[in-house]
Structures are given as C-alpha cells and as structure tokens.
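Take a look at the structure set out below.
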Amino acid sequence: MKKSLGAVAVAAAMALSLSACSGSSSSEESATGEISYWLWDANQLPAYQQCADDFAQANPDITVKITQRGWDDYWSTLTNGFVGGTAPDVFTNHLGRYGELAENKQLLAIDEAVEKDNIDLSAYNEGLADLWVGQDGKRYGLPKDWDTIGLFYNKAMLSSAGITEDQMKDLTWNPEDGGSYEKVIAHLTVDKNGKRGDEPGFDKNNVDVYGLGLNGGGDSSGQTEWSYLTNTTGWSHTDKNPWGTTYNYDDPKFQESMDWFAGLADKGYMPKLETTVGASMADTFAAGKSAINAHGSWMIGQYTGYKGIEVGIAPTPVGPEGERASMFNGLADSIWAGTEKKDAAIKWVEYLASADCQDVVASQAVVFPALKASSDKAAVAFQAKGVDVTAFTEHVKNKTTFLYPITDNTAKVKGIMEPAMDAVVSGKAPASSLTQANEQVNALFK
Amino acid sequence: MTTLAKHSRSASAASASPKPQGSHRRLGDLKIALLFIAPAMIGFVFFYVLPTVRGIYLSFTEYNILGDPEWVGMDNYVAIAADPLFWNSLAVTGQYVFLNILLQTALALGLALLMHNVAKSTIIRGTLLLPYLMSNVIAALLWFWMLDYQIGVVNQFIEWSGLPRVAFFGSEAWAIPTQALINTWRHMGYTALLIFAGLQAIPSHVYEVAKLDGASAFQTFRKITIPLLRPVLVLVLVVTVIGSFQVFDTVAVTTAGGPVNATRVIQYYIYQRAFTESDFGYGSAIAVILFLILALVAFIQMKFLKGNESDLD
C-alpha cells in the first residue's frame, strides 16, 4: 500500500508536469517530448542506447529514456506501472505475456500505423510478425529479434574424449536409448577417479564433469531444457499454437521423453536438480563442471566470452522423426495503451523495427534481429568475432522451429507446471505424474 | 515485527499518560494527547486499517488488478480449502516457525545471559546486533552464495573435511532448515537485546537472597530468572512468532518456493497467486486466513502464558 501511495504521488507529479508540457506545445503534433522505454536484457542495452541516440538525432523533438530492469522484477514492476500510471510508453514484450496484457487492454493496437506507414511485414523472418496478432485479430507489437536453441560444448573436453566436432553436428536422439546423443553425453562424463560414464566402474555419485549441464526443471515451456528433444517426437505443448486451449503434458510420448531426461541425472550424466539451485548453468560450464550445455542463442555472448575456455556450438540432435527441433521465440516492442505520447511512441516502435536500428543491433552481435537482412548481418558480425552461429540459424533456414506456446493463463500454467516438472526432473516423481498436473492446467481454460 | 513493537509502545504510552487529576485538566490533556497521537494514528489508518478492510473485501472477489473486482462470495475460500498447495504452505511455514523460534529463543536467551553476566563491554554487546542491521535480502543473498552447492565457500570446507557436499537450498530436506538458520542468525542479536533488557529489570536483591540461601546457579536460573523474565519472554515469543509466520524475503531471493514446493511458505504463496499470477482475490483470501491464524496464535500466547502479569508485583 505504501508503494501504491508513492505511485499515486508520482503519477500526480507526472500528471502535473505532463499538463504543463502539453500546455506549452499543444499547437504542435504530439510526436514530441520524452518517451520512456523498458527492456530486461542488460547485454542488449548498449545496442538499443545507440538506436535511441540515432533516433533522437533524426527526430530532434523526441528523446527516448531507456530503463533496463532485470527479468525477475520486470513484469511485476510493469503491472504496478499499468495500475499506478507510471508504465513506460514503449516496452520489450514477451510472447508468454502479451496475450494477457492485450486481453486486459493494456496494449495499444498498431494496425492503423502499420498500414499508414507501409511497414513491410514480409521483411521479417517467417512467422515473427504474425505472432503479435492477438486473439482479437489486432496487432500489438513489431518484432525485434528471435532466438533458437543450440548445444554449447567445451572443445578441450571433446578432444580429450576423442569426439570430433563433426560428430557433434550429426547427433541423433530418441526417447528409448537416447541415441548417439546419450552416448556422447555418457562418454563426456568423468568421475572423480577419471573413469568415463560409459566405462565399467564409473562412480555416478562422485562425478567431476557432467556430460550435460542442467538449467532447471524447465517449468511449462522447457525452452532450453527439454523442448528441443520432446518436440522432435511429433509432440507439441498445445493443441494449436498460437492461442491453444489444451495442453498435452499427459501425452505418453511426452512423458516417455521426460522419463529419459530425468534418467540422465540418475545415471550420473547430468547434475541432480538440487545441486543446480544457485550458481548459473553457464557459470558452472565455465568452471568446467559440464561438457555440453543446451542453451538459447541469446547466451552466445556469455558462453564465448569466458576466458581460457574454447567453446563450440552444435545444432540440437535429430529426433526419431528425422528432424531437429528448436523452440522459436521472438520479442517485440509494444506500446502501453495508457501512453500520453502515442504518436512519438509509434515512431519509436517503428524505428526499433526498422533496418536502421536492427542493423545496429546486428553489428553488436548480441542477438539475431527480426529482419531477415539484419539477421544475416548479425551472423556475419558473429563470424567476425570468431563465432560460428550456423547451429542457430539453420533451424530457421530448414524450418525446424516450433513456436513458443502462446496461450491465455500462461502465468498460472507456469505456477502449476514448475513444481510438477521439478519433481519429475529431480526424480521424485515419475513423468506419469504430469497427467494430474495437466488436468489442473486444462481446467484453467474451462 | 517492528509494527507490533511500535504499537505496544504507543499503546502503553497512551494508557500511561492520562493520570487524571481533574476534569478540566483531563480535557486539556486530551487535546494535546490527540495531537501527539495524530501522526501515528493517520499512518495507522491509511497504511493498516484501510488496506486491511480493502483486503478483506477483495478476498470475496475475483480481481486481476487491471480490471474491476468482481464479487464471487465465498468462492475463493472454498477453493482454498481444497487447494493442496495452501495446506502445503501452512505445513512448510509451521516447520519454519517451529525451527526458527526454538533456535532463536534458546540462542537469544543464552546470549542475553552472557551479556548480563559476562560481556559487559558495550562494543561486544553492540556487535551482537550487527547481523540485524543488515538488510534481510543482503543477508539472504550472502548466505545463498556462501552455501552454494557448486561454488560456495561452506561446501568447499565441508568437502575438505572429507564430508559430502550439502545442497543447502536445493534439497527438499535442507531448504527450510537452511532458511530458518539464516534468519536465526540475523535476528537472535535483536531478540537477545530484548531479553537482556528484561534481565536488567530483575532487582539484584532477589539474587542476593538466593545466594544467601545457598541456591546453585542452575536453581537460581530456573526458579528466579525464568519466572521473573516471563512477561518479556512472552512478548518476545509473540513478536517473533508473528514475524516468522511472515517469512518472505529470504525465500523470495533464494529458492522462490522450490525445490518442488519445499519452501513455498504462506507469504510466498500469497505473492505468487496475487502478483505473479494476477489473482489478487485469491491472494487476499489467503492473507485474510493468515491474519486470523496470527490473531489466534497471539491471543493464545497472551492468554495462557499470562504475558500481561508480572511476578514482580
């Protein structure tokens, strides 16, 4: 309550300053003044600050104030802002969240502007622009970037295990015996006595290096944890995507995959879930505790930035249906419905989605921009830094991606699936226990 | 915790000040008294009474904060009664409160006796309060790093001494005891200070008489110190029990309810339902239940431990 009174005071102060502003400049169009912009990834801040500076130079009447907030606080602070009237004019939006925000009328539909300003939606990588059309058929954001999943591996550990980088490019996986993926993981696992995971006498309770790192249970999406495996079997999270209304965690095919995944920890090839609370998976990889980490393309900078460790990137393994699979997630910039500077906000969003800004982002080699041309430029920029990112880009090229599950109730689904998945991945419950969680999830849509 | 201490202080101040000497005098006092009470009263009404009333109202609604609350009657309470996660959060919180209170009270009593009888230096007494001066979040994060399974310094020591590493925050068996120990460490200095104040209020002649009668140190402690300390101990217990039922920040910045549901304490569950899942009606209903539980616990403690009477009179 203290907080919201503070917010009221801030809002009141803002209202005062706003009215003072508009009083003086009411004769001009409203595309002037300072607009606020939020994002959560600190790695991307320098690129977007550059965009904001360029934008301000091209539009002297508008300045953009960027605020970066960590992911953990981002959404609750944003919600407080919606209620208290202090939300940013423009903010980085997530597929898992925007459905609820649109439904609660917090987002500004931008169809008119997109039409009027002739934004070429086909210039974006396939499907990215359409993700931001809500259930009501209105457009709530313009795509800014995309990400896929790949396997980061420690080159030194690979060569000492006698595994070639070409082998890593042709891994196969199936839920019965794990395919060559499990064989490689087992061989890369080393216990305290120097015995490998596939050698007799391997001590699974005293492991020095795990073949595969573990990020967590993966809650509802398993974005980096297990979806690159489960979705090669023909399984998908929901009945349709976007805007599915039935989740499929009760599918025996999915549960078989999850039992295999949890089994890795039991065999000693992957750390136990309980040991991963705290230090991040990337940092433990850098500390030499795991040989392969499945992670998203937004982590390229982090993995290749560690000193004294050579990192390679392989594509995710080919599944039983003969294809690879990677979750395809994309962010967009959305406008808050309560903005006082609609025109300036639209200008800024269109600039963020334009080649001018996305090329700047590409040149910094931190993420893949949404525009096809800018994506290619980013791949070149990564190459210039000595990083081969084909593992990520070929998913898009070969159309082996599937979309992040976009539904209503995503926060509640996560609330139910997080403990349920933790229980399975930690070996406390069999994957068949997910059937009950799935019933709870699907009850949300009735 | 601080709230309750503040209230009991202002309540006793209010009841102590108007010693009536004449009716005109009393009326003059009342005006001044009201003036002095006003700042606290305004704060109390705006920051406690009104939000509480609104919270009770919201507990009968479905409310996602962005729309308008919609009246649903007892629906939230019916759903809570059938919610295994609610009962789990009660059990987990109970476990935390039990461990925290047991350790904290025992250690604080010990520290207070040491302060009273051995460590007379103000610096040493002041040092005991240091952990309490640290923000809860900072304390929790420091321990989170020190106790980390992979890279924590504590686990390095454990391994050097030949024992297996302990997943302090990651294992379901350890997660709650670890949280309880951290908060015991942070709060025991403050609790010790409260008890220490109580010890100083016990007149020294009582001890002199006991000594003359040949009572041993243990007998003195059991028959004199503890009974005479009772009102302070009751206050300490009421305040610390209420405080530990409301454990939140340590959990929020470390385990966030996990592993599985091992640290999904009641306050964290309220936060999750309300702020993460935008179900403010449901969250408010659990908060109302927690309020009732705490009121009952405090009442029972005051009633049966006779906290409002002293054996010194």
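In terms of its alpha-carbon gyration tensor, the protein assembly as shown comes out oblate; a/c meets the 1.5 threshold, while b/c is at least as large as a/b.
For chain A, the longest principal axis of the C-alpha atoms and the axis of helix A:434-443 are separated by about 20°.
Qualifying chymotrypsin sites (Phe, Trp or Tyr not before Pro) in segment B:122-201, where qualification requires a DSSP coil assignment and no more than 13 other C-beta atoms within 10 Å, are lacking entirely. Label chain A by shape, choosing from rounded, prolate and oblate, from the square roots a ≥ b ≥ c of the eigenvalues of the Cα gyration tensor; if a/c is under 1.5 it is rounded, and otherwise prolate applies when a/b is larger than b/c, oblate when it is not. Since a/c reaches 1.5 and a/b is larger than b/c, the shape of chain A is classed as prolate. Using the Cβ of A:K397 as centre and a radius below 11 Å, the other residues enclosed give a net charge of -1, where K and R count +1 and D and E count -1. Note on chain A: with charges restricted to the Cβ of Lys and Arg (+1) and Asp and Glu (-1), its dipole about the Cα centre is near 820 debye. When chains A and B come together, the accessible area they lose, probed at 1.4 Å and totalled over both chains, is close to 2400 Å².
Dipole magnitude for the protein assembly as shown: about 3940 debye, using +1 per Lys or Arg Cβ and -1 per Asp or Glu Cβ, origin at the Cα centre. Once the Cα atoms are used to define both axes, helix A:45-58 deviates from the longest principal axis of chain A by about 30 degrees. Using alpha-carbon pairs under 8 Å, 6+ residues apart, how would you state the relative contact order of segment A:37-157 in percent? Relative contact order, segment A:37-157: 21 percent. Largest GNM mean-square fluctuation across B:G94, B:G283, B:G43, computed for chain B with C-alpha springs under 10 Å, falls on B:G43. Scanning chain B for DSSP H helices at least 20 Å long along the axis (C-alpha atoms) with a Kyte-Doolittle mean no lower than -0.5 picks out B:2-16, B:23-44, B:84-117, B:172-200, B:226-245, B:280-304.
Taken residue by residue and averaged, Cβ atoms of other chains lying within 10 Å of the Cβ of A:165-178 number 0.
Between A:P315, A:P88, A:P46, the residue with the greatest mean-square fluctuation in the GNM of chain A (Cα pairs under 10 Å linked by springs) is A:P46. Per residue, the solvent-accessible area of segment A:85-199 (1.4 Å probe, heavy atoms of protein chains only, all protein chains present) comes to 41 Å².
If R0 equals 41 Å, the separation of the Cβ atoms of B:A33 and B:Q301 corresponds to a calculated FRET efficiency of about 0.85.
Springs between Cα atoms under 10 Å define the GNM used for chain A, and in it the highest mean-square fluctuation of A:N241, A:N93, A:N231 occurs at A:N241. Surface composition of the protein assembly as shown: carbon plus sulfur atoms hold 59% of the accessible area, using a 1.4 angstrom probe and ignoring ligands, DNA and RNA. Loop-located trypsin sites (Lys or Arg not before Pro) in segment A:143-218 (DSSP state not H, G, I, E or B) with no more than 12 neighbouring Cβ atoms inside 10 Å: A:K192.
Accessible area per residue for segment B:83-304 is 47 Å², calculated with a 1.4 Å probe on protein heavy atoms, without ligands, DNA or RNA.
Dividing the convex hull volume of the alpha-carbon atoms in chain B by its residue count gives 199 Å³ per residue. Spacing of the modelled spin labels on A:S122 and A:S76, each 7 Å from Cα toward Cβ, amounts to 4.6 nm. A DSSP coil position with no more than 14 other Cβ atoms inside 10 Å describes the following trypsin sites (Lys or Arg not before Pro) in segment A:298-343: A:K307. When the Cα gyration tensor is reduced to axis lengths a ≥ b ≥ c, the ratio a/c is 1.5 or higher for segment B:78-155, and with a/b not above b/c it is classed as oblate.
Taking all Cα pairs closer than 8 Å and separated by 6 or more residues, the relative contact order of chain A comes to 24 percent.
Its DSSP H runs of at least 4 residues, each contributing -39,500 (n - 2.57), put the calculated 222 nm mean residue ellipticity of chain B at -22000 deg cm²/dmol, to the nearest 500.
Applying 1/(1 + (r/R0)^6) with R0 = 56 Å to the Cβ-Cβ distance of A:Q383 and A:T246 gives a FRET efficiency near 0.85.
Note on chain A: helix-only mean residue ellipticity at 222 nm, from DSSP H runs of 4+ residues weighted -39500 (n - 2.57) and normalised by residue number, equals -12500 deg cm²/dmol.
Loop exposure criterion: GluC sites (Glu not before Pro), DSSP state outside H, G, I, E and B, at most 14 other Cβ atoms within 10 Å. Applied to chain A, the longest stretch between such sites is A:177-309. Dividing the mean sequence gap of close Cα pairs (under 8 Å, 6+ apart) by how many residues segment B:83-304 holds gives a relative contact order of 29 percent. Rounded to the nearest 10 degrees, the inclination of helix A:71-84 to the longest alpha-carbon principal axis of chain A is 30 degrees.
The values are calculated or read from the model by the stated rules, or taken from the named source; none is laboratory data. All of these numbers come straight from a predicted model, not from anything done at the bench. Cβ atoms come from the backbone with ideal geometry, glycine included; neighbour counts cover every protein chain shown. Keep in mind that these areas ignore ligands, DNA and RNA; they rest on the heavy atoms of the full protein, side chains included. Shrake-Rupley method; radii C 1.70, N 1.55, O 1.52, S 1.80 Å.
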